[in-house]
Structures are given as C-alpha cells and as structure tokens.
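One structure is given below, encoded as structure tokens.
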Amino acid sequence: MALMAILLLAQSSYDQIRERMQASLDKQRDSVRKQSEAVHAVKAVADPGFFTNPWPWKNAPQATQTAGLICDPVPPSLLAPVIDGAAGRNGLSRDLLARLIRKESAAYPCAVSPKGAQGLMQLMPETARALGVADPFDVRENVEAGSRYLRDLLSQFGGDLSLALAAYNAGPGAVKKYGGVPPFKETIDYVRTLTPP
C-alpha cells in the first residue's frame, strides 16, 4: 500500500513538473514568435540578425494553428525508427506509413483536425479509444495504433490498399455505402496521393 502511495505521489509530481515545463516552453516560444514578427513587420531592416527566417510554426498544419497548439514536427531521424517498428509489427510498408503521416499531420504530433482527429496519424477519439490508446499525442502510441488500424482496414477490405486508404480517410461505412472509394474529392485525392505508382 505504501509503495502505491509513493508511486501515485511520484506520478503527480512528474505531471506537475511536466505541466510547468510545457507552460514555460510555451511562454518562451510566444516571446520569440513576437520578436520575430516584430522584426519582420519592419520592411526596411538593414540587419535583422538572428531573425532572418520566418517564424517556423507558420507552416504547421492549419488544424494545429486553428486549435492554438504549437509543437515542433518530429525530426525524421526520430520518426524513422518509430515508423520502421510499427510497419514491421503490422506488416505494412514503411514508405506508406511515412507518406500517410506526412499527409495527415506533416509530422506535427499535436495536430488536431477540425473534426477532432488527433496526432501524427490523425486518429479520431473513438478510434483511438477502441485501439486502447492512452495518449493520442504520444508519437509511438499514435503511430502504432494508426498502423494497426490501417492493417485492420486492409484485412476488412480484402487487402485492397485503395479501399483501406479510402476507409482511413472517409470511414469504413462510407466505403461500404458506395461500394468502393467514395465520390468525395478529398478522399479521391487522398487515395491517389498515397497509393504508390
């Protein structure tokens, strides 16, 4: 019993420290962003010094900007082993997973779509719950769950990658309703972009 109390106290302390660190990082990023924007607002700057590049998060997915979330994209060197592991465990192409992550979130782990899809592979909350995801913004957990979901869709649609991708984008119900890739421009473009030539 004492051990459980110590573990709970340690977890609570860890959570508080993590929240404080995140708040501090958010304040620092906001300060640097304001300085960068102020410098770029002045057209005739002879030597902008450090602020020669635009604010890096302006290229984040629109969903991330709209939700007010700011995070860095996961560097390829850190994301590659996560993709490799999930691809191997789920019998998927690592290139397909990499393309899907680029398409879904541009590798921003905090991305949230207007419909509520979350994380690198843009899992809907109900899908994440069904897959046992505790933290949809955790890189490994999100990629692993998204990979399992795609593998399940491939099984459900007889190994047809186009149908599985259409189901990933528009939902399995829409694919069944239309008897194939639904006639939605977004879904048609999605499947075309992600299907290898």
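The values are calculated or read from the model by the stated rules, or taken from the named source; none is laboratory data. If you're wondering where the values come from, they're calculated on a predicted model, not measured in any experiment. Virtual Cβ from ideal backbone geometry, glycine too; neighbours counted across all protein chains shown. Note: accessible area is taken over every heavy atom of the protein model, side chains too, but ligands, DNA and RNA are not part of it. Shrake-Rupley method; radii C 1.70, N 1.55, O 1.52, S 1.80 Å.
Quick notes on this one:
- Gly180, sole failed condition from (1) without any contact (Cβ under 8 Å) to a residue 24 or more places away in the chain; (2) under 14 Å from the mean Cα position of the chain (by Cα): (2)
- Flag for Glu104 being free of Cβ contacts under 8 Å to residues at least 12 places away in the same chain and either in contact with a helix residue (DSSP H, G or I) (Cβ under 7 Å, 6 or more places away or on another chain) or over 15 Å from Ala80 (Cα atoms) (or both): no
- Pairs meeting the criteria (first residue in the range 130-150 and over 16 Å from Leu97 (Cβ atoms) and aromatic (Phe, Trp, Tyr), second residue at pLDDT below 95 and open to solvent by 60 Å² or more (accessible area, probe 1.4 Å), beta carbons under 8 Å, at least 6 apart or on different chains) are lacking.
- Screening Thr64 against (1) open to solvent by less than 60 Å² (accessible area, probe 1.4 Å); (2) at pLDDT 95 or above; (3) assigned to a helix (DSSP H, G or I) leaves a single unmet condition, (2).
- Scanning the range 150-167 for residues that are of a type outside the set (Lys, Arg), open to solvent by 20 Å² or more (accessible area, probe 1.4 Å) and touching a helix residue (DSSP H, G or I) at 6+ places or on another chain (Cβ under 6 Å) yields Leu154, Phe157, Ser162, Leu163.
- Any hit, the range 123-143, residues being open to solvent by 30 Å² or more (accessible area, probe 1.4 Å), within 16 Å of the chain's Cα centre (by Cα) and within 18 Å of Asp95 (Cβ to Cβ): no
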